[in-house]
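Each remark here refers to the structure printed beneath this line.
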Amino acid sequence: MEKIKSHFVFNRSQRNGILLLVFFISGYLVINYYVDFSKENLLDINSKEVIAIQKELDSLRTIDIAFKKPKVFPFNPNFLTDFKGYTLGMSTEEIDRLLAFRKENKWINSVEDFKKVTKVSDSLLNKISPYFKFPDWVTNPKLKNKYVKKRFKEKKFTQKIDLNLATQGQLEGVNGIGKAFSKRIIEYRNKLGGFTNDIQLYQVYGLDFQVANSILKEFTVKTPKEIIKMNLNSISASDIATIPSISFDLAKRIWEFRILNEGIKSFSELENIEGLTKRKLQGIQLYLKLE
C-alpha cells in the first residue's frame, strides 16, 4: 500500500526556492517602508529658470528666422528681374506690368511712377521703396538741368577723346556716369579687346540710352579694333552666338530664318526676327557680311 505524501514535506530544491522568495518579499517590504514613492519630481513650467530658458530659445529662433530672410540691397527698379520681384513679395501680374512698361523703352523715375505702373499695394510699396536707387541726374534736379544744358554741346571728332583710350576717371566726368558704370564700360571694352564702333557702347549692361549719347558727345572710337567678318549665309548658329549681346536662342532664330529663306540678301530682312532689336541688328553687322 502506497504512503500518502504530505504537502508540507519539501525536498532541498523546493526549500531553497521558498527561502529565496521570502528574501525578495522581505526586501520589497523594507524598501517600500523606507523609500517614499508617492511624490513625483515634476518640472514646474512656470518656474523662473524654465521661463528664462524659454525666452532665450525664442530669441535665438527670432535671430535665426531673420538671418534666413533674403537681404535686400539698394537697387534700380528699372532693372528688376522676375526673381528679384518675387523675393520682394510682388505678384506675377505686378512684375509683368513693369516688364511690359520697360519693353516700351520707358523708365521709372520715382516711387510714384513705380506704383502707377505696377499697381502694388501701399503696404508693399512702403517696405521696398526705401531700397529704390535712381541715378543722380534723376534724383537731383540740378544735375538733370546741368545735363540737359550740356547735351547740346557736342565736340568735333578731333576734339573728342578716343573711347578705346579713355580712363575710368575721364568717363566719370560725364554727367550720369559714376564709378560703377565707368568701371563697367572699361571692363566691357577689355572683354571685346577694344571697341570697333561707337554703337557698341549701347551694349554695356544697364547703361541708359541718353547717358550713352552723352558719353558720345565727348568720346568716340578713333582706334577701332579690326574684326574679321563672318559670312552669315554659311556660318552655324554657334558661330552667330559668339557675337556680343547675341544669345544662343537668338542666334538659332537667325540661323533658322536663313535656312527657311535659303539665304539672306540684305540685313534688313532680319528686322522681323523676334528679339533682334534695331540696335542689335546694327551691332551684329560689325561681325557679319553677306556673300
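The values are calculated or read from the model by the stated rules, or taken from the named source; none is laboratory data. Worth saying up front: this structure is predicted, and the values here are computed from it rather than measured. Cβ coordinates were reconstructed from backbone atoms using ideal geometry, including for glycine residues, and neighbour counts include every protein chain displayed.
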Is there a residue being surrounded by fewer than 14 Cβ atoms within 10 Å (Cβ to Cβ), part of a helix (DSSP H, G or I) and over 25 Å from the mean Cα position of the chain (by Cα) anywhere in the range 218-236? no
For residue 210, are the conditions met, namely being at pLDDT 85 or above, in a helix (DSSP H, G or I) and touching a Pro at 6+ places or on another chain (Cβ under 8 Å)? no
Name the single residue, out of those in the range 160-209 being hydroxyl-bearing (Ser, Thr, Tyr) and surrounded by 15 or more Cβ atoms within 10 Å (Cβ to Cβ), that is farthest from residue 221 (Cα to Cα). 182
State which residue is surrounded by the most Cβ atoms within 10 Å (Cβ to Cβ) when the search covers only the range 252-272 and only residues that are of a type in the set (A, V, I, L, M) and farther than 19 Å from residue 202 by Cβ. 254
Take the range 164-184 and flag every residue that is over 16 Å from residue 225 (Cα atoms) and either of a type in the set (A, V, I, L, M, F, W, C) or in contact with a strand residue (DSSP E or B) (Cβ under 8 Å, 6 or more places away or on another chain) (or both). 170, 171, 174, 177, 180, 181
Filter the range 76-91 for residues that are over 18 Å from residue 123 (Cβ atoms) and either of a type in the set (Gly, Ala, Ser) or loosely packed, with under 14 Cβ neighbours inside 10 Å (or both) and give the result. 79, 81, 82, 83
Give me the pairs, please: first residue somewhere in the range 102-122 and within 22 Å of residue 86 (Cβ to Cβ), second residue anywhere and hydroxyl-bearing (Ser, Thr, Tyr) and not in a loop (DSSP other than H, G, I, E, B), beta-carbon distance under 6 Å, and either six or more positions apart or on two chains. 111/129
Taking the range 87-111, which residues are hydrophobic (A, V, I, L, M, F, W, C), closer than 21 Å to residue 277 by Cβ and not in a helix (DSSP H, G or I)? 107, 108
Please give the number of the condition residue 199 fails out of (1) of a type in the set (A, V, I, L, M, F, W, C); (2) under 20 Å from residue 167 (Cβ atoms); (3) in a helix (DSSP H, G or I). (2)
